[in-house]
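Enquirer: Dropping the structure in here first, questions after.
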Amino acid sequence: MGKKVAVVGFGQTKGRSARKDVNGVELINEAVVAALADAELTIKDIDAVVIGNMDHFEGVNYVDSWSVEGSGGVMKPIFKVTTGGTTGTTVAMSAYYHVASGMFDKVLAIGWEKNSESDTTGAIITAFDPVWERPNLGGAIAGLALEASKYMSTYGITERDGARVAVRERLHALNNPFAHLHQEWMKGIPVDQLVELLVTSKENVMLAYPLRMSDMCPRTDAAAAAIFASEDVAEKMAAVPAWVASTTNRHNFALAGDVDMDRNTTMASAAKRAFEKAGIKEPLKEIGVCELYLPYSYAGLKWMEDYGFCAYGEGPKLVWDKVTDMDGELPVNPSGGVMSSNPIGATGLIRVGEAALQIMRKAGTRQVQKDVNFAFITGFGGCYWADVMVLGKKKPS
Amino acid sequence: MDVQNIYYDGRIKIPYTWYVGETGSRFLIALRDNKEIWGNQCPQCKKVFVPPMKTCGECFVPTGEWLKLADTGTVESFTVVHYENGVAKRPLPVIYGLIKIDGASGSLLHFIGDVKPEKVKIGMRVKAVFAEKRGGTILDISHFAPVKG
Ligand SMILES: [Zn+2]
C-alpha cells in the first residue's frame with residue numbers, strides 16, 4: 001500500500017451558462033486561487049499539478065501547457081487527464097495516485113470546462129465510435145433516454161418518479177451559491193406539486209421520451225481545484241482532512257448497443273469494490289452523504305439500486321420516502337448535483353470537493369446536519385464507464 | 001469599468017478518415033453488396049457480436065466463426081427524439097432504438113421507422129429496411145420497421 005492521502009483544500013467558481021468575462025486560463029486561475037486560500041497554501045507549496053477537461057469542448061489540445069499562467073504549473077510536473085464525463089473524478093484519482101506513490105506530498109488537482117465555447121452535443125458525440133455509432137446517435141440525451149425507457153418498462157417506473165429526483169436536485173441547489181441553476185420559483189411549493197408541474201407543463205419540453213428539459217443537466221462554464229496531501233503533512237494543513245478511503249474505476253463496452261440497459265454494471269462493480277476496500281459493509285447506514293454524478297433524473301433511481309442502497313426497482317421508494325433529502329438518512333447531492341451544474345471536466349472534481357467539504361464541515365448553507373464518517377462520490381462517462389471514490393473522516397488504517 | 005467581451009470565431013473543420021479494419025469491413029461489405037447482416041462469435045463465451053469485433057473484450061481472445069444472421073430482431077429499448085442534431089439529419093421526431101438482431105448477443109443502435117412513435121413498444125419485432133443507395137456504412141440499413149402480420 002502507498003501513503004495515505006487526504007483532500008485538504010477545495011475551491012470552485014460559480015457555475016454560469018457563459019463566463020464571457022474570462023478566458024479558460026483565467027477561469028482556471030479563479031478556482032486555483034480559491035483552493036490555495038482554503039488550504040492556506042501558496043503555489044510554492046505545490047509539488048505537481050493534474051489538470052483535466054474534455055478537449056473537444058474548447059478545441060484546445062495542449063491544455064497542460066496552455067493553462068500554466070492560470071494553474072500555477074510553471075516549471076512544475078503537470079499531468080493532463082481527459083476521460084470524458086469522468087474527467088474530474090479521474091483527475092482526483094490521478095492526484096491521489098501521485099501522492100500515494102510517495103513521490104509528491106502536495107498535488108493540485110484541477111478540472112474545468114467552458115461549455116459555452118462550442119456545441120456540447122456535437123462534442124459529446126466524439127466520445128462515441130466514429131464508424132458504428134456516430135452516424136446514428138443523437139448525443140447524450142438520446143442515449144440516456146434509451147436507458148430510462150428500458151428501466152421504466154422493466155420495473156414499472158413512472159415519469160413522476162423521475163421528476164421527484166429532478167425536484168430534489170433543484171431544491172438542494174438553492175442552498176448552494178456555486179450551483180448554476182437556481183430555480184427560485186420552486187421555493188415554498190410542496191414537492192408533490194412541483195413533481196406534478198414538471199410532468200404536465202407544456203413549457204417543460206419533451207426532448208427524447210421520457211426525458212424532458214427538467215430531467216437533464218445544464219451545460220455550464222466553471223472550474224474547480226482540490227489539494228491532495230500526504231499523511232506526512234495533511235494534518236498540519238487541515239483541521240479535519242478528508243481522507244481517501246478507497247477509489248477505483250470500471251469500463252466494460254465501447255458500443256452503447258452492448259450496454260446492459262437494465263443495470264449499470266460498471267457503477268455496481270466499482271461501488272462494490274470501493275466499499276470493500278473502505279471496510280463499508282452496510283452502505284446505506286455507514287455512508288453519511290453522497291455526491292453522485294447523476295447526469296439525468298432516472299440515474300438517481302436506477303443507479304442507487306446498483307450502488308446497493310436498495311433492491312432493484314426500489315429506487316423510487318427510497319427517493320419518495322425522503323431518504324435522500326437533506327435531512328434524510330442518506331442525503332444525496334446537497335450541492336444540487338450535476339443536474340444543477342455540469343461544467344463537464346470540473347463536474348467530477350466538484351463531487352469530490354463537495355464531499356470533502358461535508359466531511360470537513362465547511363459546506364456552509366448546504367452542510368448536512370448528521371455526522372459524516374464516509375462520503376461516497378461517483379463519476380460517469382459516455383458509454384457507461386464509472387469512477388468512484390470514498391472519502392472518510394478517519395485516517396485509513 | 002464596462003468592457004465589451006470580445007470573442008474570436010473558430011473555423012476548424014478537420015476531415016477525418018476512419019479506417020474500419022478488415023473485420024468491420026467484411027460486415028459492411030455484406031451489408032452493401034448483399035443486404036446481409038453478419039456477426040462473429042467468441043470461441044470461448046460464444047457471444048455473437050453485431051457489429052463484429054476482432055477480439056472478445058471479456059475473454060480477450062480473437063473472435064472466430066462468422067455467422068450469417070437474420071435481418072430481423074427485437075426492440076430492446078427506444079426513445080423518440082424531438083431535438084435537432086447535426087449528425088442524424090432526419091425529419092423530427094426521430095425514433096432511436098436498441099435492436100437485438102436475432103442470434104446476436106448485444107444490440108445494435110439504430111433508427112426505427114415506418115411506424116408512428118406512439119405505436120413503438122419494447123419487445124416489438126422489427127426487420128431491417130436497407131437503403132436504396134448503399135455506400136458501405138452502418139446507414140446502409142436505413143432503419144428498422146415493424147414486422148408485418
Ligand atoms: Zn468471449
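Enquirer: Pop out the ³J(HN,Hα) list for region B:141-147 in order, Karplus 6.51 cos²θ - 1.76 cosθ + 1.60 with θ = phi - 60°, rounded to Hz; leave Gly and Pro as x.
Expert: Using θ = phi - 60°, the values come out as 8, 5, 5, 10, 10, x, 6 Hz.
Enquirer: Select from A:Gly73, A:Gly84, A:Gly143 the residue whose mean-square fluctuation is largest in a Gaussian network model of chain A (Cα-Cα springs shorter than 10 Å).
Expert: It is A:Gly143.
Enquirer: Oh, and also: Using only the Cα atoms of region B:58-108, build the gyration tensor, take square roots of its eigenvalues as a ≥ b ≥ c, and label the shape rounded, prolate or oblate: rounded if a/c is under 1.5, else prolate if a/b is larger than b/c, else oblate. Don't jump to the answer; show the numbers that get you there.
Expert: On the way: a/c = 2.82, a/b = 2.13, b/c = 1.32.
Prolate, because a/c is 1.5 or more and a/b exceeds b/c.
Enquirer: Also: In a solvent-free Debye calculation with one equal scatterer on each Cα, what is log10 I(q)/I(0) for the protein assembly as shown at q = 0.09, 0.12 Å⁻¹, listed in the order of the q values?
Expert: The Debye formula, applied to the Cα set alone, gives -0.67, -1.15.
Enquirer: Hey, another quick one. How large is the dipole of chain A about the Cα centre if only Lys and Arg carry +1 and Asp and Glu carry -1, each at its Cβ, rounded to the nearest 20 debye? Walk me through the intermediate numbers first.
Expert: Working: 40 positive and 47 negative charges, 125 e Å.
Dipole of chain A, to the nearest 20 debye: 600 debye.
Enquirer: Continuing with this model, one more query. Please list 3J(HN,Hα) in residue order for region A:114-124, calculated via the Karplus relation 6.51 cos²θ - 1.76 cosθ + 1.60 where θ = phi - 60°; whole Hz, with x for glycine and proline.
Expert: Each residue's phi maps through the Karplus curve to give 10, 4, 5, 8, 7, 8, 4, 5, x, 5, 5 Hz.
Enquirer: Return one number: the angle in degrees, 0 to 90 and rounded to the nearest 10, between the long axis of the Cα atoms of helix B:22-34 and the longest principal axis of the Cα atoms of chain B.
Expert: 80
Enquirer: Picking from A:Trp320, A:Trp66, A:Trp185, which is most flexible by a Gaussian network model of chain A using Cα springs under 10 Å?
Expert: A:Trp185
Enquirer: Which of the residues in region A:199-226 lose at least 40 Å² of accessible area when you go from the chain alone to all protein chains together (probe 1.4 Å)?
Expert: Buried on complex formation: A:Leu207, A:Tyr209.
Enquirer: Could you list, in their original order, any pairs among A:Lys281/B:Lys100; A:Lys281/A:Lys317; A:Lys80/A:Lys285 whose Cα atoms are separated by more than 30 Å? Let's see the in-between values first.
Expert: Numbers: A:Lys281/B:Lys100 38 Å; A:Lys281/A:Lys317 22 Å; A:Lys80/A:Lys285 37 Å.
Pairs exceeding the cut-off: A:Lys281/B:Lys100; A:Lys80/A:Lys285.
Enquirer: In region B:114-149, which residues become less accessible by 10 Å² or more once every protein chain is in place, relative to the chain on its own, using a 1.4 Å probe?
Expert: Residues passing the criterion (a loss of at least 10 Å², heavy atoms only) are B:Ile122, B:Ile138, B:Leu139.
Enquirer: Normalised by the number of residues in region B:21-146, what is the relative contact order in percent for Cα pairs under 8 Å and 6+ residues apart?
Expert: Details: 261 pairs, mean separation 29.5, N = 126.
Contact order relative to length: 23 percent.
Enquirer: Oh, and also: In debye, nearest 20, what is the charge dipole magnitude of chain B about its Cα centre with +1 on Lys and Arg Cβ and -1 on Asp and Glu Cβ, if you could check? The partial results should precede the final answer.
Expert: On the way: 20 positive and 15 negative charges, 82 e Å.
The calculated dipole for chain B is roughly 400 debye.
Enquirer: Leaving out ligands, DNA and RNA, what percent of the accessible area of chain A is carbon and sulfur, probe 1.4 Å?
Expert: Numbers: 7430 of 13770 Å².
The nonpolar share, carbon plus sulfur, comes to 54 percent.
Enquirer: Let me ask another. Around A:Phe253, what is the net charge, scoring Lys/Arg as +1 and Asp/Glu as -1 over all other residues with Cβ under 12 Å from its Cβ?
Expert: Values: positive: A:Arg250, B:Lys47; negative: A:Asp129, A:Glu133, A:Asp258, A:Asp260, B:Glu58.
With Lys, Arg at +1 and Asp, Glu at -1, the neighbours total -3.
Enquirer: Then there is this: I need the semi-axes of the equivalent ellipsoid of region A:185-247: take the C-alpha gyration tensor, multiply each eigenvalue by 5, square-root it, list largest first in whole angstrom. If you can, show how the numbers build up before the last one.
Expert: Working: eigenvalues 361, 51, 27 Å².
Gyration-tensor ellipsoid for region A:185-247: 43, 16, 12 Å.
Enquirer: Counting only DSSP beta bridges with both residues in chain A, tell me the antiparallel percent, nearest 5.
Expert: Working: 37 of 51 bridges.
Roughly 75 percent of the DSSP beta bridges within chain A come out antiparallel.
Enquirer: Now a separate question. What does DSSP give for region A:280-397 in terms of the percent of beta bridges that are antiparallel, rounded to the nearest 5? Don't jump to the answer; show the numbers that get you there.
Expert: Details: 8 of 13 bridges.
That works out to approximately 60 percent antiparallel.
Enquirer: Report the accessible surface area buried between chains A and B, summing both sides, using a 1.4 Å probe on protein heavy atoms only, in Å² rounded to the nearest 100. Each step should come with its number before you reach the end.
Expert: Working: alone 15150 and 10500 Å², together 22910 Å².
That pair hides around 2700 Å² of surface in total.
Enquirer: Hey, got the average number of other protein chain Cβ atoms within 10 angstrom for residues in B:69-76?
Expert: On the way: counts 0, 0, 0, 0, 0, 0, 1, 8.
Across B:69-76, the average partner-chain Cβ count within 10 Å equals 1.
Enquirer: Which of B:Ile112, B:Ile29, B:Ile12 moves most in a GNM of chain B, Cα contacts under 10 Å?
Expert: Ranking B:Ile112, B:Ile29, B:Ile12 by mean-square fluctuation puts B:Ile12 first.
Enquirer: List, in order, the whole-Hz ³J(HN,Hα) value for each residue of region A:188-193 obtained from phi through the Karplus relation with A = 6.51, B = -1.76, C = 1.60 and θ = phi - 60°; use x for Gly and Pro.
Expert: My calculation for region A:188-193 gives x, 8, x, 3, 3, 5 Hz in order.
Enquirer: Let me ask another. Using a 1.4 Å probe on the protein heavy atoms, what percent of the accessible area of region B:1-145 belongs to carbon and sulfur?
Expert: Numbers: 4670 of 8730 Å².
Whole-percent figure for carbon plus sulfur exposure: 54.
Enquirer: Still on this structure: Given the alpha-carbon gyration tensor of region A:96-136, what are the semi-axes of its equivalent ellipsoid in whole angstrom, ordered largest first, with each equal to the square root of 5 times an eigenvalue?
Expert: Working: eigenvalues 246, 54, 4 Å².
Values for region A:96-136, descending: 35, 16, 4 Å.
Enquirer: Residues of A:143-155, mean number of Cβ from any other protein chain within 10 Å of their own Cβ, rounded to a whole number? Walk me through the intermediate numbers first.
Expert: Details: counts 4, 1, 6, 9, 3, 2, 11, 6, 1, 2, 6, 2, 0.
Across the residues of A:143-155, the mean count of other-chain Cβ atoms within 10 Å is 4.
Enquirer: Here is a follow-up. Could you state the accessible area per residue of the protein assembly as shown in Å², with a 1.4 Å probe and every protein chain left in place? If you can, show how the numbers build up before the last one.
Expert: On the way: 22910 Å² over 546 residues.
I get 42 Å² per residue for this part.
Enquirer: Which loop GluC sites (Glu not before Pro) in region B:64-99, with loop taken from DSSP, have no more than 14 other Cβ atoms within 10 angstrom of their Cβ? Working shown, then result.
Expert: Working: sites: B:Glu65, B:Glu76, B:Glu84; in loops: B:Glu65, B:Glu84.
Qualifying residues, ordered by number: B:Glu65, B:Glu84.
Enquirer: Using a 1.4 angstrom probe on protein heavy atoms only, which residues from region B:89-107 are buried by at least 10 Å² of accessible area when all chains are present rather than their own chain alone?
Expert: Flagged in region B:89-107: B:Tyr96, B:Leu98, B:Gly106, B:Ser107.
Enquirer: Report the rotationally averaged projected area of region B:21-146 based on its alpha-carbon convex hull, in square nanometres.
Expert: Mean projected area for region B:21-146: 8.1 nm², to one decimal.
The values are calculated or read from the model by the stated rules, or taken from the named source; none is laboratory data. Here the structure is a predicted model, which is why all the values come from computation and not from measurement. FYI the Cβ positions are ideal-geometry reconstructions off the backbone, even for glycines, and counts take in every protein chain you see. These area figures cover heavy atoms from the full protein model, side chains too; ligands, DNA and RNA do not enter into them. Shrake-Rupley method; radii C 1.70, N 1.55, O 1.52, S 1.80 Å.
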